[in-house]
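*Asks:* This structure is in structure tokens; I'll ask about it shortly.
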Amino acid sequence: MSVIAVVGAQWGDEGKGRVVDYLARDADLVIRYGGGNNAGHTVINPHGHFKLHLIPSGIFYPTTRNLLGNGVVINPPALVRELDDLAEAGFDCGNLFISDRAHLVMPHHILIDQLEERERGAAKLGTTSRGIGPAFVDKVARRGIRVVDLVDADGFRARLDTALRRARRIVEGYFAAGGPDDELDGAIREALDPEGVAATYLAAAERLAPHVVDGQALVDEALRDGEHILLEGQLGTMRDIDWGIYPFVTSSSPIPGGASLGAGLPAVRIDQVLGVAKAYTTAVGAGPLPTELIDDAGERLRERGAEYGTSTGRPRRCGWYDAVAVRFSVRLAGYSAIALTKLDVLDAFDSIRVCTAYRDPETGERWETVPAATSLYERLEPVYEDLPGWGTDTTGCRAWDELPPAARAYVEHLESLAGAPISHVSVGPERAQMILRDAAGEGAVSAPGDAARNVHVGSA
Ligand code: IMP
């Protein structure tokens, strides 16, 4: 048995969903431990092409149980919509479980998210407008409403009334200087209408009730039975509430420390951590992105990589691989190994750049790590190394040895810069396009001189 956390090593959208989908065939339990339906996990498998927002990526294996952990914030109507979509594709999702301790995203959270972004103006964070931040604010302020509260309809209505009284005061504050525009007017009325919200949420609760469990009891039993557990991360280190590019961060912790809290398992039970990094860099939303390319190369990365947000459809900002950011993530997350995704997107480039340090244009100072001051990080410039491209289509490669020598050299170079072994390389979105980099073909990847850090993920 083993417990593996799958964690984003960059700005999010690294391909965690496809990696979890790939690994989940050997998993008994997959747990989402943070975030909410701001997530957008794209999964392409023999059943079709899916965009998951809340539901863990192990859902396609009927014998794999999937848990939305206590660390996730759940929008019940959005979850019901996702269940409906999967039901239409033939998945009844009887293997989905929801922690009774998870907090709810309410319509007024979404409204406040949008109002706060409007108020920030040019300094907006570029959130997904899914109400994630305000839901976590209420959780920490000890006034959140949890899944377990949906069981008692009268108790839920009472909590909702209290929450809406407060929300009304906030909304009035935003509009003290002027009136809401037409677009928001309807949204405000809906979000602040206790009867309407209660009806929608209690109807969703009825639909979700068969899935609600004591999440910790489920996890504890799985641990005692020696089951194979995957912890599915959302977003990446650079958007972590503590370690990311504050304030352009999300409101939970994507790194493995967040996995223990948000899944409900002891930190010492996490055996391995698999980092996921793209072979280049992308981000949606605002904040520093030192290697961003505002040119043809960036456009080529976006088009070749279909880099548009899964949740919001926003074009992703694209740039070269940032080894400083990934190394920062390695230090925080202690990856046993890294899965490198979308290597094939680089097939068309004659020359490929890798950022190995930053330089402050004002002082000339060299930076080898990510600074705390976001304003400083904004102005740091990448120091690049140029590597030769391989100019060959890699999407048909199925083994490490089949990759062109320059592609292997690129991966090996990133590995040495990261200080963690790269165990998996993907050359396309299909399950078969995941290359395992081990001699035995069993998915066991050794970190040099450290057998205990092997990541075993089953056979190809
Ligand atoms: P929030 O989580 O919606 O509050 O957004 C905070 C930041 O995280 C924004 O920059 C978002 O664009 C970014 N973000 C949130 N969810 C995702 C995701 O699933 N992929 C990539 N970026 C995300």
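*Asks:* Before rounding to the nearest 500, sum -39500 (n - 2.57) across all DSSP H runs of length at least 4 in the chain and divide by the residue total; then give [θ] at 222 nm in deg cm²/dmol.
*Replies:* Working: 13 runs with 149 residues, N = 460.
One gets -10000 deg cm²/dmol as the mean residue ellipticity at 222 nm.
*Asks:* Could you line up Phe349, Phe175, Phe248 from fewest to most neighbouring Cβ atoms inside 10 Å? Write out the running numbers ahead of the final one.
*Replies:* Details: Phe349 19, Phe175 13, Phe248 23.
By the 10 Å Cβ count, ascending: Phe175, Phe349, Phe248.
*Asks:* If amide hydrogens are placed 1.01 Å from N in the peptide plane, which non-local residues have theirs closer than 5 Å to the one on His41?
*Replies:* Leu52, His53
*Asks:* Quick one: Debye curve from the C-alpha atoms of the stretch 65-147, no solvent, what's log10 I(q)/I(0) at q = 0.12, 0.13 Å⁻¹?
*Replies:* One equal scatterer on each Cα of the stretch 65-147 leads to -0.43, -0.49.
*Asks:* To continue, here is another question. Treating only the Cβ of Lys, Arg, Asp and Glu as charged (+1, +1, -1, -1), what charge dipole size does the chain show about its Cα centre? Round to the nearest 20 debye.
*Replies:* Details: 46 positive and 65 negative charges, 156 e Å.
Approximately 740 debye in magnitude.
*Asks:* Can you list, bin by bin at 5 Å, the percent of alpha carbon pairs in the stretch 130-289, starting at 0?
*Replies:* 1, 7, 12, 14, 15, 15, 16, 11, 6, 3, 1, 0
*Asks:* Here is a follow-up. May I have the convex hull volume per residue, in Å³, for the Cα set of the stretch 240-331? Intermediate results must be reported in sequence, preceding the final value.
*Replies:* Values: hull volume 10.8 nm³, N = 92.
Each residue corresponds to 117 Å³ of Cα convex hull volume.
*Asks:* Tell me, Thr369, Thr128, Thr281 in order of fewest to most beta-carbon neighbours within 10 Å? Spell out each step's value before the answer.
*Replies:* Working: Thr369 12, Thr128 24, Thr281 28.
Neighbour counts put them in this order, fewest first: Thr369, Thr128, Thr281.
*Asks:* Based on the mean of other beta carbon atoms within 10 Å per residue, what is the order of 61-74, 144-157, most packed first? Display every interim value, and only then the final one.
*Replies:* Working: 61-74: 23.5, 144-157: 16.9.
Packing order, densest peptide first, comes out as 61-74, 144-157.
*Asks:* Hey, if you drop one equal point scatterer on each alpha-carbon of the chain and run the Debye formula without solvent, what base-10 log of I(q)/I(0) do you get at q = 0.06, 0.08, 0.10 Å⁻¹?
*Replies:* -0.26, -0.46, -0.72
*Asks:* Output the direction-averaged projected area (hull surface divided by four) of the convex hull of the alpha-carbon atoms of the stretch 25-171, in nm².
*Replies:* Values: hull surface 39.2 nm².
Quarter of the Cα hull surface area: 9.8 nm².
*Asks:* Between Leu67 and residues 5 or more places away or on another chain, which pairs have amide H atoms under 5 Å apart, with H built 1.01 Å from N, and which residues are they?
*Replies:* Counting only residues 5 or more places away or on other chains, the set is Val30, Ile31, Arg32, Phe97.
*Asks:* Also, quick follow-up: Using only Cα atoms and rounding to the nearest 10 degrees, what angle (0 to 90) does helix 182-191 make with the longest principal axis of the chain?
*Replies:* Rounded to the nearest ten degrees, it is 70.
Rule-based calculations on the coordinates, nothing more; no lab input. Only a predicted model underlies this, so the values are computations on that prediction, with no experimental measurement involved. Positions of Cβ are generated from backbone atoms using ideal geometry, with glycine treated the same way; all protein chains shown enter the neighbour counts.
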